[in-house]
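Visitor: Quick one: the structure is below, and I'll ask about it shortly.
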Amino acid sequence: MENTGILYVVGTPIGNLSDLSPRAAQVLESVDFIAAEDTRVTVKLLNHLGIKKPMISYFEHNKQFKGEVICKRILAGENCAVVTDAGMPCISDPGEELIKQCEGFGIKTEVVPGPSAVISALCVSGLSTGRFTFEGFLSVNKKSRREHLESLMGEKRTMIFYEAPHKLSNTLRDFYETFGDRKLTIARELTKLHEEIIRTTTKEALERYGDGSLKGEMVLVLEGDTAVKKDEYTLEEAVEIARNLINEGEKPTEAAKKAASVTGMKKNDIYRELI
Ligand code: SAM
C-alpha cells in the first residue's frame, strides 16, 4: 500500500470566503482531484482562489457508488480532497460514508478543519457551552420528529439544531409545546453581511417568528433543562404541576406527560387524577 494516496476532509467557509484557511487552499491546490457535493458551488470557490482542479461530484444519492470510485483512485496513488457546499463535510453533509469506506480500504484520512455552523452558533449563543448536543435537522416525518423531541425532554445540555427557514414556524411551535418557555438563540446568516444573533425564548420566538417571516440560513441553540428537580415528588405535587400547565393553556395529555418527565411519576397516574 506504499503508493496509496490520502483523503483530505477540508472545511470550507459558511458564508465569508475569507474564512478559508491557508492550509485548506494549499491542500485544494495540491491534491489530484476534489470530490465535491456540488461542483458548481465548489468551482466558484476554486475560481476565487485561482485554482483549477479536476472534480467529481459526491453527494447523498451517489455516495455509495462514487465512494468506491474515489477509494479506488486513492488506492492507485491519487490524493483527494472532499468538500461540501459550506462548512465541514460529514456534519449534516456528505462525507461520513466516505470516511468509513476509506477505513475499510486502509486509506489514510487527514482533516483540514474549517468553520462549521454548529460550533459557530454555539459560541455566540450566550448559552452554556460546557456541555452540548448536536441534533442536526429535525425529521419532516411527524412521528419521528415528535419522538426525537420527546427524547430530549429533560436534556440538561445545550441543544443545537440545523433548520431550514420554511420549517421554522413548525419547529418553534414544537419547541414551545415540548419544552415550555426557555432560552433560545437563533443564529442567522453567520459570517455573512446580514449576520444576526437573536437571543430570545421559545415563547417569544413563536410569537415573533411563528409566521415564517424569518429568512436565511439559521441554527437554533436551545437552552438545556434548568429546572431544579426534587429527589422525590408525591402524586399530588405532580398533579399540581400538570394543573398549572393546563392553566397556562396546555392540553391535559401533554400536561400529564410534562409533569411526569419533571417528577418521575407515571403519566397515566397523573392523567387519571386530572380528569
Ligand atoms: N456541514 C455544514 C457545517 O459544517 O456547518 C452544515 C451543512 S447543513 C446541510 C446546512 C445547515 O447548516 C443550514 O440549514 C443551517 O442550519 C446551517 N448553516 C450553514 N451555514 C450557515 C450560516 N452561514 N448561518 C447559519 N446557519 C448556517
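The values are calculated or read from the model by the stated rules, or taken from the named source; none is laboratory data. Here the structure is a predicted model, which is why all the values come from computation and not from measurement. Every residue, glycine as well, gets a Cβ built from its backbone with ideal geometry; the counts of neighbours run over all protein chains shown. Keep in mind that these areas ignore ligands, DNA and RNA; they rest on the heavy atoms of the full protein, side chains included. Shrake-Rupley method; radii C 1.70, N 1.55, O 1.52, S 1.80 Å.
Visitor: State which residue is farthest from the ligand (Cβ to nearest atom) when the search covers only region 215-255 and only residues that are of a type in the set (Val, Ile, Thr) and part of a helix (DSSP H, G or I).
Guide: Result: Val239.
Visitor: Failed condition for Glu60, given (1) touching a residue at least 12 places away in the same chain (Cβ under 8 Å); (2) over 21 Å from the mean Cα position of the chain (by Cα), with all others met?
Guide: (2)
Visitor: Just to be sure I understand, how many residues within region 60-89 are within 14 Å of the ligand (Cβ to nearest atom) and modelled with pLDDT of 95 or more?
Guide: Count: 8.
Visitor: Could you list all residues from region 250-270 that are more than 30 Å from the chain's Cα centre (by Cα) and open to solvent by 40 Å² or more (accessible area, probe 1.4 Å)?
Guide: The answer is Pro252, Met265, Lys266, Lys267, Asn268, Asp269.
Visitor: Among the residues of region 185-214, count how many are surrounded by 13 or more Cβ atoms within 10 Å (Cβ to Cβ), touching a residue at least 12 places away in the same chain (Cβ under 8 Å), closer than 17 Å to His166 by Cα and more than 10 Å from the ligand (Cβ to nearest atom).
Guide: 6
Visitor: Further question on the same structure: Would you confirm whether or not region 68-83 contains a residue that is open to solvent by 40 Å² or more (accessible area, probe 1.4 Å), charged (D, E, K, R) and closer than 12 Å to Val10 by Cα?
Guide: No, the conditions are met nowhere in region 68-83.
Visitor: Being in contact (Cβ under 8 Å) with a residue 24 or more places away in the chain, part of a helix (DSSP H, G or I) and not aliphatic (A, V, I, L, M) is the filter here, so list the residues in region 258-270 that pass it.
Guide: Correct list: Lys258, Ser261, Thr263, Asp269.
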